[in-house]
Amino acid sequence: MGLEMRVLLVLAMAICLPSAAYAAEGTATFYTPPYVPSSCNGYQNDGVMIAAASDAIWGNRAACGRRYRVTCTGATNQGVPKPCKGTSVVVKIVDYCPPGCGGTIDLSQEAFAAIANPDAGKIQISYTQV
């Protein structure tokens, strides 16, 4: 690889990495079926790897259809002391979690169970839009 190509590659990595590495922090709770109707898609079945967005990311429906990678980072002061499973899940925003919502992202029961022990009820998370 020539010098010019290496310089371009390094520049591309320098520009892309900061945005790819940024993860917001918040909390997650979960909700149970039925998952339809949803605020974003009515009676469309979007599967089970879905979530509802709180006001923190809802943006007056702008969050509809966005996908987020969610990772459990720890316990809240409630529930299970070590709830995390060491995995991440990608969810699609299909619904709104109204004021009073317990978390930044309200995951489907299945999505929550993929990253944490459901007995925890509420967990600390990091999340990035993908």
*Measure off, as a whole percent, the carbon and sulfur share of the 1.4 Å-probe accessible area of segment 34-129, all protein chains present.*
47 percent
_In order through segment 31-48: 3J(HN,Hα) via Karplus (6.51 cos²θ - 1.76 cosθ + 1.60), integer Hz, x for Gly, Pro_ = 10, 10, x, x, 9, 10, x, 10, 5, 7, 10, x, 8, 5, 7, 9, x, 10
*Any idea how far apart residue 88 and residue 109 come out in nm if each label point goes 7 Å out from Cα toward Cβ?*
2.7 nm
*Within 10 Å, count the other beta carbons around each residue, average over each peptide in 58-64, 45-51, and list them highest first.*
45-51, 58-64
*Amide H neighbours of residue 80 under 5 Å, counting only residues 5+ apart in sequence or on other chains, H built in-plane at 1.01 Å?*
120
*When only alpha-carbon atoms count, how far does segment 34-129 stretch along each of its three principal axes, as whole angstroms with the largest first?*
36, 24, 23
_Can you work out the Karplus-derived ³J(HN,Hα) for every residue in segment 86-95? Use 6.51 cos²θ - 1.76 cosθ + 1.60 with θ = phi - 60°, whole Hz, and x for glycine or proline._
x, 10, 10, 9, 9, 10, 9, 6, 10, 8
*Find out how many positive minus negative residues lie around residue 128, taking Lys and Arg as positive, Asp and Glu as negative, among other residues whose Cβ is under 12 Å from that of residue 128.*
+2
*Taking amide hydrogens as modeled 1.01 Å from N in the peptide plane, which residues meet the under 5 Å criterion relative to residue 107, leaving out close sequence neighbours?*
29, 30, 31, 52
*For segment 60-74, take each phi angle, set θ = phi - 60°, evaluate the Karplus expression 6.51 cos²θ - 1.76 cosθ + 1.60, and give the result in whole Hz per residue in order, putting x for glycine and proline.*
6, 6, 5, 6, 3, x, 5, 10, 10, 8, 10, 10, 6, 10, x
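The values are calculated or read from the model by the stated rules, or taken from the named source; none is laboratory data. Keep in mind the model is a prediction, meaning the values are calculated, not measured. When we count neighbours, we look across all protein chains shown, and the Cβ atoms used for this are built from the backbone with ideal geometry, even at glycine. All accessible areas refer to the heavy atoms of the entire protein, side chains included, with ligands and DNA or RNA removed. Shrake-Rupley method; radii C 1.70, N 1.55, O 1.52, S 1.80 Å.
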